[in-house]
1. Checking the conditions here, which among 78, 70, 32, 105 is in contact with a Leu (Cβ under 8 Å, 6 or more places away or on another chain) and either surrounded by 15 or more Cβ atoms within 10 Å (Cβ to Cβ) or of a type in the set (Asp, Glu) (or both)?
2. Does region 69-85 hold any residues that are in a loop (DSSP other than H, G, I, E, B) and on the phi < 0 side of the Ramachandran plot, and which are they?
3. Just name the residue that is farthest from residue 8 (Cα to Cα) out of those in region 42-63 that are small (Gly, Ala, Ser) and surrounded by fewer than 16 Cβ atoms within 10 Å (Cβ to Cβ).
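Derivation of every value follows stated rules applied to the coordinates shown; laboratory data play no part. Here the structure is a predicted model, which is why all the values come from computation and not from measurement. All Cβ positions, glycine included, derive from the backbone under ideal geometry; neighbour counts span all protein chains shown.
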Amino acid sequence: MAGAADRAPAAIGRRLRQRRESLGLSQRDLSEPGVSYAYISRIESGARTPSMKALRKLAPKLGVSVAWLETGEQSPAEQLARLVLVHAGQPLPATAVKLARRVLEAEHTHDQGVP
């Protein structure tokens, strides 16, 4: 599980910059209405914490999940989906049960309006 340091603005900015550069995109290429290149620059420098709306707009353009931008880790739902696909028709490892519990706990928390 990701710690507070992984969710710090500087860490999010580093992941954003590294992924953007690995795709050969400029900040202008990544920008769009509501997410200016200047805002992206401030996120990458650690000067701004990106809004969830911004992360939701940037993640698909970068080919990553919002969870990865936030934490550097795949979301439990994504990990579980990959396990299921990799083990197609075969018994799933114990990790799958742990991930399924995390997914359901996160959904339950989300449904109750807990941030």
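1. 70
2. 73, 74, 75
3. Looking at the filtered set, the residue picked out is 63.
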